[in-house]
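Q: Can you read through this structure? Questions will come right after.
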Amino acid sequence: MNATNGISEGRHIRKIPGGKMLKVVVRVENGKITYVRFHGDYFVYPEEAVEDMEREIYGKNLEEAKEIIEKYLSSADMVGISVKDFCEALEEAYKKAR
């Protein structure tokens with residue numbers, strides 16, 4: 001955990017079976033996500049789904065954020081990664097920020 005001015009940051013790297021990698025950085029203030037960024041060597045189509053999802057997650061708590069991930073990615077085409085991988089990686093980073 002890295003806390004500055006009441007804002008905590010958590011990072012998590014998730015190795016996906018088959019060789020893919022998902023990295024997430026999250027900042028949390030008062031239980032709400034103030035920043036989230038997913039990156040790695042996975043493929044999601046349409047490409048803007050992840051960016052749109054990240055924007056909608058801002059200001060949400062963990063459970064709301066996981067619902068947003070489901071909303072955006074359940075209909076996206078993904079290679080080497082799943083909705084569950086995104087949710088679990090976010091949850092681990094969030095825990096580290098608390």
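Q: Compute the helix-to-body angle for 62-73: its Cα long axis versus the longest principal axis of the chain, expressed 0 to 90° and rounded to tens.
A: Between helix and principal axis, roughly 20 degrees.
Q: Please report the net charge: other residues with Cβ closer than 14 Å to the Cβ of residue 29, K and R +1, D and E -1. Can you show the working numbers first?
A: Details: positive: 27, 32, 60, 98; negative: 9.
Net local charge, residue 29 excluded: +3.
Q: Tell me the angle of helix 83-97 to the major Cα principal axis of the chain, expressed in degrees between 0 and 90 and rounded to the nearest ten.
A: Computed tilt is about 20 degrees.
Q: A further question on this structure: Anyone know which of 64, 29, 48 comes out most mobile in the 10 Å Cα GNM of the chain?
A: The residue with the greatest mean-square fluctuation here is 48.
Q: Shifting gears a bit: Would you mind ranking 53, 78, 21 so that the residue whose beta carbon has the fewest other beta carbons within 10 Å leads the list?
A: Details: 53 21, 78 18, 21 14.
In increasing order of surrounding Cβ atoms, one gets 21, 78, 53.
Q: Taking the beta-carbon count within 10 Å as an exposure proxy, list 39, 12 from fewest neighbours to most.
A: Details: 39 11, 12 19.
Sorted ascending by nearby Cβ count, the order is 39, 12.
Q: Also, quick follow-up: What list do you get for 79, 26, 36 if you sort them by fewest beta carbons within 10 Å? Provide the component values of the computation, followed by the final result.
A: Working: 79 10, 26 27, 36 23.
In order of increasing Cβ crowding within 10 Å: 79, 36, 26.
Just so you know, all these numbers are worked out from the coordinates, no wet-lab data involved. Here the structure is a predicted model, which means the values were calculated and not measured. Every residue, glycine among them, receives a Cβ derived from its backbone with ideal geometry; neighbour counts consider all protein chains shown.
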